[in-house]
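So the structure is just underneath, and the comments pick up after that.
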Amino acid sequence: MEKQIEAATPAGTGTEQPRSITTRIGPLAQRYGILIALILLCVVLAAVNDNFLSQRNIINVLRQTSINGILAIGMTFVILTRGIDLSVGSVVALVGVVSASFATTSTAGVIGSPYMPLIAVMMGLATGTAVGAVSGTMVARFSVPAFVATLGMLSAARGLTLIYSGGRPVPALTDGYRWIGTGDVAGIPVPIILFGLVFLLAHFVLTQTRFGRHVYAVGGNPHAAKVSGLPVRRIRFAVYAISGALAGVAGMILAGRTGSALPQAGVAYELDAIAAVVIGGTSLAGGIGRVSGTVIGALLIGVMNNGLDLMGVESYYQQVIKGGLIVAAVLLDRSRKSED
Amino acid sequence: MEQPLLEATGFRKSFGGVPALRDGRFVLRPGSVHALCGGNGAGKSTFLKILMGIHHRDAGTLMRDGKPMTFENPSQALANGISIIEQELSPVPAMTVAENIYLGREPVGLFGRVRFGELNHMAQELLDGFHFGIRADSLMMDLTVAQVQLVEIAKALSYDAEIIIMDEPTSALGEAEADQLFAAIKTLTARGKGVIYVSHRLSEIFSICDSYTVFRDGAFVETGAMDTIDKDRLIHLVVGRPLTEEFVKENEPGREEMLSVRDLSAAHGVRDVNFAVRRGEILALYGLMGSGRTEIFDRLFGLSDTAGGEIVIEGTATRIDTPNQAIAAGLAYVTEDRKHSGLVLTGDVRDNLCLATLDRVSSGQLMRVGAERDAAQRMIETLNIKTASDKLSVSNLSGGNQQKVVLGKWFLTEPRILLLDEPTRGVDVGAKREIYRVMSDFTRAGGAVIMISSETDEVLGMADRAVVMRDGRVAGELQRAELSAERLLHLAA
């Protein structure tokens, strides 16, 4: 921290606004702070449980984290623009039943096309993106507060899921479709590969593209972004579409893994996704954050759940501990920021 | 000599090992308005924050009415008669003026019921005592920015403090409201209170203060009576070197009209506005708060919903409905409030400099990071922006350097017409001069500048011509030779 202040002093700054110095260091220190917490947790778990570091368990943790991780990455885009997407859990279910309906052994048998899994995936992505686009339109075009727009969508998408499926699971999915959730490439499960690809793509978009710069600027100060000629509405719209599309990916992984699409899938998934983003250091006030932080946040939740499982802690307790972790992560961030 | 209200000696404060204040000294006497002067980074804010109990000093003594004191927190300072008028406003919009003034100190009756009648009466008496002309029962959100500032001032005065710190109290005030404030200050000093006054506006300091103390680079430089010093010497003390001229003006207006507006209308009832700015000219748009100056800029830049009238840019009638069209037409807009609509404070210097020209430093969607860095570096050098690196968060820069970042952002769009709304607000004397230099050079190179300014000195110093607004209409136009503070005010009020 001292070094940062010295760097500012020759320029004759720093002295007038000591408060603001820390706002810059916060995300950085916090990013490593959470990484250190993750590593410490892993060390402790490895020490108390021999199975923790086994290849099977590591792959297990990563696979369990992948769905929340992908949702959280989409959520990061939205939160970076000062928004929130509460609908992702419902979108997981809606995309599950819609795409799965194109990939049951009966439908695939009727149409008999070898491209059926591909069509199912395209339908899933389109559904997720469309739902996100509706939320995005409400927020960007009609200035509905994101909380309200996506809360409405949380309910509406769940309703559509039940209508579409008649409230019954879409069963008996083809092997081609199930591969998304259960297959592997060179020993690495497909969900983990998708998680990795989504992370790399999102990281690239946010750090290397013009759109990424726009997202940070709109979240940091929408007024300044507008005056500077940025297409603020289009950017707001796009982040919800991205979140919807990624919720679609997560929904198909879940359906593929379960082997049938359940209309009641994904309930409260949005809360874990938001938790991962917040633990990962992205500011709910917008403009500050990274997907790498989000991934670490998602891993921290995943490792903790796994560790508590291994130690035989009941899942009811796990929820309490996770709640504590979310608040602790934010408090840790705050205390680090207020250190002078 | 009578006992000073406050005597601070040898104040020291470091942040993370780096001294922000090395030797802060200040003596405030009863009935005095004492100017605390210094550039950005001089240590004024740190000093005041120690007085208010926000920061804790590393060394030094503070005597209050001859008794040594240390304030652990702002409420202790307040309890010892030190109150402050903040730069940043913090009203509760949906509550009344009276409720805002006595927030948390409401007179209560049985079962904690607020006695609204008494509350309103107290507030009205306070407001009338200073002739602010504001009704205590009006809602905060119905007031103008200037009136909100006056309420904030009334609130600080309501504590009946002995010592009132005013940090840039006029930055959101028009001349009329500023005069109300100055009258209120006179009332205070007549009652034997002491005022510590901080302002970048030298004319203000000379008209209302009776003594001065100068800080530079975190240390006390000099103190004395106001009538023993002149403007040049005070600037010299503040910046540490003689400053020959306050303003820089080397441009020569040409003939060709760069931008003209016909029967323009804009938000808040602005209508029938006609004026033109010529190549090489600095045109001032002068008027009181709420006269429609900023609304005209918003309209010109495509930020207004009301869009009547015609805009002609370099001979071509141009339709401007969005900021992008304005930028494409060669306009650039430095807004009045750089924190609200100029800067992305969560971003670094480079992000902010490149914000309006991201399409020029990218190929398709892909950012060219090298080009981005070069563009930022070019502006940092051209405008002499004092920053350790272009990756430093822009929130760490001083007001003057932040303003230069906003200017730099717009210069990268290669504009031909600059719209500057209060370009030197909250900027120290040295950086002010650099901004004047930029305006002069820009117009000399064939650009045109339209400047909104509430400071008559600035209009007199920089403008070739002034268009004066009153109640949303053009009240008159003054050539440079005709410009005077009296004429400007006469047309504006």
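The values are calculated or read from the model by the stated rules, or taken from the named source; none is laboratory data. This is a predicted model, so every value here is computed, not measured. Here the Cβ is made from the backbone with ideal geometry for all residues, glycine too, and neighbour counts use every protein chain on show.
Just to confirm my filter: which helices (runs of 4 or more DSSP H) fall fully inside segment B:1-106 and include at least 1 residues that are in contact (Cβ under 8 Å) with a residue 12 or more places away in the chain and within 12 Å of chain A (Cβ to nearest Cβ)?
So the answer is B:44-51.
Read through the list (1) in a helix (DSSP H, G or I); (2) farther than 21 Å from B:Gly290 by Cα, then give the number of the only condition that B:Gly446 fails.
Of the numbered conditions (1) in a helix (DSSP H, G or I); (2) farther than 21 Å from B:Gly290 by Cα, the odd one out for B:Gly446 is (1).
What do you reckon, is B:Val406 closer than 10 Å to B:Arg350 by Cβ, among the aliphatic types (A, V, I, L, M) and within 12 Å of another protein chain (Cβ to nearest Cβ)?
Answer is no for this residue.
Out of the residues in segment B:74-101 meeting the condition of being over 18 Å from B:Glu162 (Cα atoms) and hydroxyl-bearing (Ser, Thr, Tyr), tell me which one is surrounded by the fewest Cβ atoms within 10 Å (Cβ to Cβ).
For segment B:74-101, the residue satisfying everything is B:Ser90.
Under the condition of being of a type in the set (D, E, K, R) and more than 8 Å from every other protein chain (Cβ to nearest Cβ), which residue from segment A:207-242 is surrounded by the fewest Cβ atoms within 10 Å (Cβ to Cβ)?
A:Arg234
Could you say whether any residue in segment B:367-381 is closer than 20 Å to B:Val438 by Cβ, of a type outside the set (S, T, N, Q), under 20 Å from the mean Cα position of the chain (by Cα) and within 11 Å of chain A (Cβ to nearest Cβ)?
no
Condition first: in contact (Cβ under 8 Å) with a residue 60 or more places away in the chain and over 23 Å from the mean Cα position of the chain (by Cα). Now tell me which residues in segment B:267-299 satisfy that.
Hits for segment B:267-299 are B:Gly269, B:Val270, B:Arg271, B:Asp272, B:Val273, B:Asn274, B:Phe275, B:Val277, B:Arg278, B:Arg279, B:Gly280, B:Glu281.
Among the residues of segment B:5-17, count how many are out of contact with any Pro (no Cβ under 8 Å at 6 or more places or on another chain) and either modelled with pLDDT of 90 or more or not assigned by TED's automatic domain parsing to the domain that holds B:Met69 (or both).
6
Just the residues that are touching a residue at least 24 places away in the same chain (Cβ under 8 Å) and surrounded by 15 or more Cβ atoms within 10 Å (Cβ to Cβ), please, taken from segment B:308-327.
Once the filter is applied, which keeps residues that are touching a residue at least 24 places away in the same chain (Cβ under 8 Å) and surrounded by 15 or more Cβ atoms within 10 Å (Cβ to Cβ), segment B:308-327 yields B:Gly309, B:Ile311, B:Val312, B:Ile313, B:Glu314, B:Ala326, B:Ile327.
Quick check on this structure: which one of B:Asp272, B:Asp321 is modelled with pLDDT under 95 and within 13 Å of chain A (Cβ to nearest Cβ)?
B:Asp321
Report those helices (runs of 4 or more DSSP H) wholly inside segment B:133-223 carrying at least 3 residues which are without any contact (Cβ under 8 Å) to a residue 40 or more places away in the chain.
B:175-190, B:202-208
Which of the residues belonging to segment B:382-402 are away from chain A (no Cβ under 13 Å) and surrounded by 23 or more Cβ atoms within 10 Å (Cβ to Cβ)?
None; the set is empty.
Give the number of residues within segment B:220-253 that are of a type in the set (Gly, Ala, Ser) and at pLDDT below 90.
Adding up the residues that qualify gives 1.
Scanning segment B:331-347 for residues that are modelled with pLDDT under 95 and more than 7 Å from every other protein chain (Cβ to nearest Cβ), which turns out nearest to B:Leu259 (Cα to Cα)?
B:Glu336
Being touching a strand residue (DSSP E or B) at 6+ places or on another chain (Cβ under 8 Å) and at pLDDT below 90 narrows it down to one of B:Arg473, B:Arg465, B:Arg487, so name that one.
B:Arg487
Would you point out the residue of segment A:248-307, among those that are within 14 Å of chain B (Cβ to nearest Cβ) and touching a Pro at 6+ places or on another chain (Cβ under 9 Å), that is farthest from A:Ala93 (Cα to Cα)?
Residue satisfying both the conditions and the ranking: A:Ile288.
Can you name the condition, by its number, that A:Pro191 falls short on among (1) surrounded by 21 or more Cβ atoms within 10 Å (Cβ to Cβ); (2) within 14 Å of another protein chain (Cβ to nearest Cβ)?
(2)
When only residues in segment B:178-218 that are within 18 Å of the chain's Cα centre (by Cα) and within 14 Å of another protein chain (Cβ to nearest Cβ) count, which is modelled with the lowest pLDDT?
B:His200
Which of (1) surrounded by fewer than 19 Cβ atoms within 10 Å (Cβ to Cβ); (2) at positive phi is the odd one out, the single condition B:Gly280 does not satisfy?
Failing condition for B:Gly280: (1).
Out of everything in segment B:219-263 that is under 22 Å from the mean Cα position of the chain (by Cα) and within 14 Å of another protein chain (Cβ to nearest Cβ), what residue ends up being surrounded by the most Cβ atoms within 10 Å (Cβ to Cβ)?
Only one residue tops the list, namely B:Val238.
Show the residue pairs meeting these rules: Cβ distance below 7 Å; 6+ apart or different chains; first residue within segment B:352-377 and in contact (Cβ under 8 Å) with a residue 24 or more places away in the chain; second residue of a type in the set (Ser, Thr, Tyr) and assigned to a loop (DSSP other than H, G, I, E, B).
Close Cβ pairs (under 7 Å, with a partner that is of a type in the set (Ser, Thr, Tyr) and assigned to a loop (DSSP other than H, G, I, E, B)) amount to B:Leu355/A:Ser228; B:Ala356/A:Ser228; B:Ala356/B:Thr413; B:Thr357/B:Thr413.
Quick one: how many residues across segment A:272-291 are within 11 Å of the chain's Cα centre (by Cα) and in a helix (DSSP H, G or I)?
8
Considering B:Arg360, B:Arg350, which residue is farther than 27 Å from B:Ser454 by Cα, surrounded by 23 or more Cβ atoms within 10 Å (Cβ to Cβ), within 12 Å of chain A (Cβ to nearest Cβ) and out of contact with any Ser or Thr (no Cβ under 6 Å at 6 or more places or on another chain)?
Criteria check complete, one pass: B:Arg350.
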